[in-house]
1. Percent of accessible area on the chain owned by carbon and sulfur, 1.4 Å probe?
2. Using the Cα centre of the chain as the reference point, and only Cβ charges (+1 on K/R, -1 on D/E), how large is the resulting charge dipole? Debye, rounded to the nearest 20.
3. Suppose every K and R has +1 on its Cβ and every D and E has -1 on its Cβ; what is the size of the dipole of segment 224-276 about the Cα centre, in Debye to the nearest 20?
4. Suppose R0 equals 35 Å; then what is the FRET efficiency for Leu265 and Ala124 from their Cβ-Cβ distance, rounded to the nearest 0.05?
5. R0 = 25 Å: FRET efficiency of Leu277 with Lys136, Cβ-based, nearest 0.05?
6. Report the label-to-label distance for Asn56 and Asn299 in nanometres (one decimal), using points 7 Å from each Cα along the Cα→Cβ vector.
7. Anything over 29 Å Cα to Cα? Flag those among Lys10/Lys77; Lys123/Lys315; Lys130/Lys231; Lys157/Lys282; Lys77/Lys157, in the order listed.
8. Which value, in Å², gives the accessible area per residue of the chain when a 1.4 Å probe is used on the protein heavy atoms?
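The values are calculated or read from the model by the stated rules, or taken from the named source; none is laboratory data. Nothing here was measured: the structure is a model prediction, and the numbers come from that model. Cβ placement follows ideal geometry from the backbone for every residue including glycine, while neighbour counts extend to all protein chains displayed. Calculation scope for accessible area: heavy atoms of the full protein, side chains included, ligands and nucleic acids excluded. Shrake-Rupley method; radii C 1.70, N 1.55, O 1.52, S 1.80 Å.
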Amino acid sequence: METNIQNAIKVCERVFGNDVIWHKYTFDMPLIYSSNFLLYKFIFQDKQYLLLVGKNNDVSTDLIKNFYEYIKNNNDKNVLIYLSNRRIFNELHRDVQYVSFDGKYQLDVVKRSYLINKIEYTKATQLVVKYLLLFKDRNLSTRHVAEKIGLSNTTVKRAYDFLEEVGGIVRNGIQTSSVDYSVVSKSKLLKVIKDYLIFPYHRSIRLFLNQSSLEKYKDVFYISGENALSKYTELGEMDINEYAVSSKVFDQLIADSPNDQDGELYNIEDFIYDPKLFANKKYIDIIDTYIIITNRYKNNGDPRIKQAIKELERKIVK
């Protein structure tokens, strides 16, 4: 029982922060509830909450539902429940305000975008998002998408859980490994994940490269930045040499240390995933282009850039 309570508090701290002060809450209730549940009270953003925690993992679904409704109907506080069992989570999560064992939560009384934990949005989730936005594939089962982009079925399922939670995709079948999903709409998917998009490269280096060096790496260089933007929009090309590469290629470049003084200056970016996966011929894909440009020019009022970003968005969701 003590482990279950500690887990509940730990998960809630991921949602509400470590500075929330928890108190046990006493409340006159039927014995069947008091013997199976503990109540904790806390305050968050000037609202009072009650957290229901089961004393063990064997509490029936019906009992949880009944107790949840009982507490809601007899208190003026916001009520949520810690769900420690996947079966129970699957059966209840559309009906209750909750935090669950795997760090997921559904809480409409506080702005959802504030609560979604960015740790759950990983680069693997981003690869799944890119596949959903870039391809018109009617088969979106976890197994099929996992095979297409080289991820495990479990990893795609976790990504789908996140995307379903934020409202970008919906479940069409029962909860099995072959359950079918569909995108609500590409525009809705882009809208709900926009704040979670991960910047696609985490290192960059500037090198002088001559034609000999370029020839050596030409098959693993992908045009990035503003010149990728010109590929997808009406904006003209810029006099910038900017390329994306995989981490393996980036490390090889550092080891080779080509710095040809007779060459031109190139900016080489180490992508968090292989840019080849979704590349459009020799260009990075439109979504990575969108992420780079929106971040690079977020404080820039140039109307040409603003128009180009809108054009990117239109093409992504068409």
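1. C and S atoms contribute 47 percent here.
2. 860
3. Rounded to the nearest 20 debye, it is 280 debye.
4. The pair Leu265/Ala124 has a calculated efficiency of 0.55.
5. That pair, Leu277 with Lys136, gives E of 0.90.
6. 5.8
7. Check vs 29 Å cut-off fails for Lys157/Lys282; Lys77/Lys157.
8. Per residue, the chain has an accessible area of 52 Å².
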